[in-house]
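Novice: I have a structure here, written as structure tokens, and I will follow up with some questions on it.
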Amino acid sequence: TSPLLSVQDLKVSFRTSDGVVQAVRGVSFDVERGKTLAIVGESGSGKSVSTQTVVGLTRGAKVSGRALFEGRDLLTMSKEDLRQVRGAKIGMIFQDSQSSLHPYYRVGWQISEMIRAHDRSISKSAARERSIELLRRVGIPKPDRRVDDYPHQFSGGMRQRAMIAMAMALDPVLLVADEPTTALDVTVQAQVLEVMADLQAEFGTALIMITHDLGVVADVADEVAVMYAGRIMERTTRRELFYHHHHPYTEGLLGSLPAESGERRRLRPIAGSPPSLISPPSGCPFHPRCPYAFDQCRSETPPLREVFGDRAHHSACWLPTDEAGRGEARAALTS
Ligand code: SF4
Ligand code: MG
């Protein structure tokens, strides 16, 4: 069966006064029905721009590639059709619920309007009942009363829950969540992720989770795409990502770059800073920061290729893809 969403060779660039920013440089990924794809990377890696482009929320960008959603290309759809699809089939949750919940309107009213905007045959009172039910479902206490609150009367965690309620209001098949828990403290974050997981299980919703937080990846992901400098560096299952990652950038993100020989492995940030996307580095975009970089890395761009023995694991790195060969190469390159 075909995936729910198949993004193929997506490229996105913006003209700025400093030059053309190549924000996304040929990204491909699939999202299966009911599954969670986490897209992880530092800020500026292109993870938000990729998904915002797919759902038609980037303005003034030059876009190429395909984004097949239930067989239709979202990138060539009319604005009106895309708006329909986005409302009825794709729910969205952002980091900052304050920018998505309107401060002047009651929370319940906003959810009701969302429901009625897509189906005018639903009465106001039925939409209100449904809003209360949704608020209850995402764990808002006393939803029959809180439904009439304004967003500022909610805590940050409750606002994120209300956002989820709103995103789920039309029973979407795909939810796109961009750093939905970044502004929350760890306990509340875990609760919000749990609410999302419960709803996903109940409704069979697929999820794209955009995050820079590997803790979130560990909690929710089925599959993971690691982005850097507008490209996918590694794409694999959650388990492989944590236990058998291939790419040196993933290694860096996980804080597991081996320290000097004989020393204990310890956490440390990746040295150096993310590259300019106006004039990205030649060859592998990670080469200026990679502890293993060799000549080929500086001149030739590694394609995403299958990691030896695992058809669901791809890495864009010139190091050997078999574990023994890679170990030897890394030892040689860092000695
Ligand atoms: Fe490092 Fe080279 Fe692999 Fe890039 S291709 S991650 S520079 S080893
Ligand atoms: Mg972002």
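Novice: How do 140, 39 line up, fewest other C-beta atoms within 10 Å first?
Specialist: Neighbour counts put them in this order, fewest first: 140, 39.
Novice: For the chain, what is the charge dipole size about the Cα centre, in debye to the nearest 20, if Lys and Arg each add +1 at the Cβ and Asp and Glu each add -1 at the Cβ?
Specialist: The dipole of the chain has a size of about 840 debye.
Novice: Another question, if that's okay. Search the structure for amide H atoms under 5 Å from the amide H of residue 175, placed 1.01 Å from N in the peptide plane, and list their residues when 5 or more places away or on another chain.
Specialist: 91, 206, 207, 208
Novice: Oh, and also: Quick one: order 1, 181, 53, 76 by neighbouring beta-carbon count within 10 Å, fewest to most. Please list the in-between numbers first.
Specialist: Details: 1 5, 181 27, 53 24, 76 11.
Going from sparsest to densest Cβ surroundings: 1, 76, 53, 181.
Novice: With springs connecting C-alpha atoms under 10 Å apart, model the chain as a Gaussian network and identify which of 152, 246, 212 has the largest mean-square fluctuation.
Specialist: 152
Novice: Something else now. Once all Cα-Cα distances of region 5-224 are split into 10 Å bins that start at 0, what whole-number percent is in each one?
Specialist: Over region 5-224, the share of Cα pairs per 10 Å bin runs 8, 33, 36, 20, 4, 0 percent.
Novice: Determine the dipole magnitude for region 1-99: charges of +1 sit on the beta-carbon of Lys and Arg, -1 on that of Asp and Glu, nothing else is charged, the reference point is the Cα centre, and the result goes in debye to the nearest 20.
Specialist: Dipole about the Cα centre, nearest 20: 180 debye.
Novice: Taking 8 Å as the Cα distance limit and 6 or more residues as the minimum spacing, I'd like the relative contact order of region 1-81 as a percentage.
Specialist: Normalised by residue count, the contact order of region 1-81 is 38 percent.
Novice: Once region 180-335 is represented by equal point scatterers at the alpha-carbon sites, with solvent omitted, what log10 I(q)/I(0) does the Debye formula produce at q = 0.11, 0.19 Å⁻¹?
Specialist: -0.50, -1.26
Novice: Could you derive backbone 3J(HN,Hα) for region 2-8 from the dihedral phi with the Karplus parameters 6.51, -1.76 and 1.60 (θ = phi - 60°), listing whole Hz in sequence and x where the residue is Gly or Pro?
Specialist: Per-residue couplings from phi come out as 7, x, 4, 10, 10, 9, 10 Hz.
Novice: So, one more: May I ask you to derive the FRET efficiency for residue 271 and residue 62 from their Cβ-Cβ distance with R0 = 45 Å, giving the value to the nearest 0.05?
Specialist: 0.85
Novice: Also, I was wondering about something else. Dipole of region 60-162, Cα-centred, from +1 at each Lys and Arg C-beta and -1 at each Asp and Glu C-beta, to the nearest 20 debye?
Specialist: Rounded to the nearest 20 debye, it is 80 debye.
Novice: Where Lys and Arg each count +1 and Asp and Glu each count -1, what net charge lies around residue 16 among other residues with Cβ under 14 Å from its Cβ?
Specialist: +2
Novice: Mind checking the full-extension length gain between residue 122 and residue 328? Use 0.36 nm per residue of separation minus the Cα-Cα distance, one decimal, nm.
Specialist: Between residue 122 and residue 328, full extension yields an extra 67.7 nm.
Novice: Taking the Cα centre of the chain as the origin and placing charges on Cβ (Lys, Arg +1; Asp, Glu -1), which of 20, 8, 313 is farthest toward the positive end of the dipole?
Specialist: 20
Novice: To continue, here is another question. Can you tell me the length gained on complete extension of the stretch residue 311 to residue 78, counting 0.36 nm per residue apart and subtracting the Cα distance? Walk me through the intermediate numbers first.
Specialist: Numbers: separation 233, 0.36 × 233 = 83.88 nm, distance 3.58 nm.
Working it through step by step, the gained length comes to 80.3 nm.
Novice: What does the charge add up to near residue 41, with Lys and Arg as +1, Asp and Glu as -1, over the other residues with Cβ less than 15 Å from its Cβ?
Specialist: Around residue 41, the charge tally is -2.
Novice: While we're on this one: Among the DSSP beta bridges whose two residues both lie in the chain, what percent are antiparallel, rounded to the nearest 5?
Specialist: Here the share of antiparallel DSSP bridges comes out near 65 percent.
Novice: Which residues' amide hydrogens lie under 5 Å from the amide hydrogen of residue 307, considering only partners 5 or more residues apart or on another chain, with H built in the peptide plane?
Specialist: The list, which skips near neighbours in sequence, is 313, 314, 315.
Novice: In which sequence would 20, 40, 63, 195 go, from the one with the fewest C-beta neighbours within 10 Å to the one with the most?
Specialist: Details: 20 13, 40 25, 63 16, 195 20.
Taking fewest neighbouring Cβ atoms as first place, the list is 20, 63, 195, 40.
Novice: Enumerate the amide H contacts of residue 72 below 5 Å, restricted to partners 5 or more residues apart or on another chain; note that Pro and chain-start residues carry no placed amide H.
Specialist: none
Novice: Running a GNM on the chain with Cα contacts under 10 Å, which residue among 120, 289, 305 ends up with the highest mean-square fluctuation?
Specialist: 120
Novice: Dipole of the chain (Lys/Arg Cβ +1, Asp/Glu Cβ -1, origin at the Cα centre): which of 201, 143, 110 lies farthest to the positive side?
Specialist: The listed residue farthest towards the positive side: 110.
Novice: What percent do you get for the relative contact order of the chain when only Cα pairs under 8 Å and 6+ apart count?
Specialist: 19
Every number here is computed from the coordinates shown, using simple stated rules; none is lab data. This structure is a prediction, so every number in the text was calculated from the model and none was measured. Glycine also receives a Cβ, built like all others from the backbone with ideal geometry; neighbour counts cover every protein chain displayed.
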